[in-house]
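Written below as structure tokens is the structure these notes are about.
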Amino acid sequence: MNTTEMIETPQELWNLIRKDEYLKSTAGVALGYLQTNLVPLPQEYAFDFLLFCQRNPKPCPILEVMEPGEFEPKILAKGADIRTDVPFYRIYENGELKSETKNILDYWQDDLVSFLIGCSFTFETAMLNADIPLRHIEQDTTVPMYITNIDTKPAGKFSGPTVVSMRPIHKENLVRAVQVTSRFPGTHGAPIHIGEPGEIGIQDINTPDFGEKSEIKDNEIPVFWACGVTPQAVALKSKPPIMITHSPGYMFVTSTRDESVAVI
């Protein structure tokens, strides 16, 4: 049996991650629970980043902001520890990716303010329930993500390009995919681009900037959603002294049901 299929609750997943027994993408894991992007950064940069997210709600929809030094998300995931409960993290220093690590205990500082940002993995349960196949889940790979030519709206120290995630959608499911994902504005909502990847600056659809490529079959169209990896592209340009993030595709899974952020 696929290990992913056996993990039904966030608590099971957190325990496995803490023991280094789950080190894969979280797509398809603990279906029905809200997944988030994670961004801890120093308090002196927190207001600028909060403003940046408010100005760019499609790629950066904020779901929770934690107090400086806090590592338990008291709103979305009581009992969790954001320092240990993500399969892989990235450490950016002055605009450079310095390392990837399985926990951030050695990097933790009391002045870090942590942001939990909506992730498109959340609406994938609704897509699967609507009989819309998702190739990266079928193939147990990480969804492909691309840096685009779509600029974000700058705020304070933060600016940079929008990142998108891509899922091949059969043309017969296209309208349904838009309808289903539109119900989840807190996790990126409807697509921001459909077809023609070159129009948003993607030169080679088979070479994603993050994640792994997904085959696009006959009668399928590449569909692009705004992505919470955008802060990582912003970190490369804005160069804060330190920004910690999840590794792309390796999300923080909360204990909050995904339907809690859906609109009717």
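Sub-7 Å Cβ pairs linking a first residue in region 20-47 that is closer than 15 Å to Pro248 by Cα and without any contact (Cβ under 8 Å) to a residue 40 or more places away in the chain to a second residue that is buried (at least 20 other Cβ atoms within 10 Å of the Cβ) and of a type in the set (Phe, Trp, Tyr), at least 6 apart or interchain, number zero. Of the residues making up region 203-261, those that are over 25 Å from Arg135 (Cβ atoms) and charged (D, E, K, R) number 3. The number of residues in region 146-160 being surrounded by fewer than 17 Cβ atoms within 10 Å (Cβ to Cβ) and closer than 27 Å to Leu134 by Cα comes to 1. Inside region 170-182, can you point out the residues that are surrounded by fewer than 17 Cβ atoms within 10 Å (Cβ to Cβ) and either β-branched (Val, Ile, Thr) or under 16 Å from Val263 (Cβ atoms) (or both)? The answer is Val175, Val178, Gln179, Ser182. Within region 47-65, the residues that satisfy the criterion of being hydrophobic (A, V, I, L, M, F, W, C) and buried (at least 20 other Cβ atoms within 10 Å of the Cβ) are Phe49, Phe52, Cys53, Cys60, Leu63. Hey, among the residues in region 83-96 that are in a loop (DSSP other than H, G, I, E, B) and buried (at least 21 other Cβ atoms within 10 Å of the Cβ), which one's farthest from the chain's Cα centre (by Cα)? My answer is Asp85.
Among the conditions (1) buried (at least 24 other Cβ atoms within 10 Å of the Cβ); (2) within 24 Å of Ile75 (Cβ to Cβ), the only one that Val163 does not satisfy is (2). In region 182-208, the residues that are at positive phi form Cβ pairs under 8 Å with partners that are among the polar types (S, T, N, Q) and surrounded by fewer than 17 Cβ atoms within 10 Å (Cβ to Cβ), at six or more places apart or across chains, as follows: Gly189/Ser182; Gly201/Asn149. Among the residues of region 62-70, some residue qualifies, meaning at least one is touching an Asp or Glu at 6+ places or on another chain (Cβ under 7 Å) and in a loop (DSSP other than H, G, I, E, B). Taking the conditions exactly as written (of a type in the set (A, V, I, L, M) and in a loop (DSSP other than H, G, I, E, B)), does Val113 satisfy them or not? So Val113 fails the test. Out of curiosity, is Thr230 under 18 Å from Cys53 (Cβ atoms) and in contact with a strand residue (DSSP E or B) (Cβ under 6 Å, 6 or more places away or on another chain)? Spelling it out, Thr230 is indeed under 18 Å from Cys53 (Cβ atoms) and in contact with a strand residue (DSSP E or B) (Cβ under 6 Å, 6 or more places away or on another chain). A Cβ distance below 7 Å, combined with a sequence gap of six or more or placement on separate chains, defines the contacts here; from region 64-85, residues that are closer than 12 Å to Thr36 by Cβ reach residues that are of a type in the set (Lys, Arg) in the pairs Asp85/Arg18.
Conditions tested, residue by residue: (1) in a strand (DSSP E or B); (2) within 19 Å of Phe121 (Cβ to Cβ); (3) at pLDDT below 95.
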residue: Ile169; (1), (2), (3): yes, yes, no
residue: Pro208; (1), (2), (3): no, yes, no
residue: Val223; (1), (2), (3): yes, yes, no
residue: Pro240; (1), (2), (3): no, no, yes
residue: Pro248; (1), (2), (3): no, yes, yes
residue: Glu259; (1), (2), (3): no, yes, yes
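Condition check: among the aliphatic types (A, V, I, L, M) and in a helix (DSSP H, G or I). Does Leu51 satisfy that? Yes, satisfied. Any residue at all in region 66-82 that is surrounded by 23 or more Cβ atoms within 10 Å (Cβ to Cβ), within 19 Å of Arg18 (Cβ to Cβ) and within 15 Å of the chain's Cα centre (by Cα)? Among the residues of region 66-82, at least one is surrounded by 23 or more Cβ atoms within 10 Å (Cβ to Cβ), within 19 Å of Arg18 (Cβ to Cβ) and within 15 Å of the chain's Cα centre (by Cα), which makes the answer yes.
The values are calculated or read from the model by the stated rules, or taken from the named source; none is laboratory data. Note that the structure is a prediction, hence the values are computed from the model and not measured. Glycine gets a Cβ as well: all are built from the backbone with ideal geometry, and neighbour counts include every protein chain shown.
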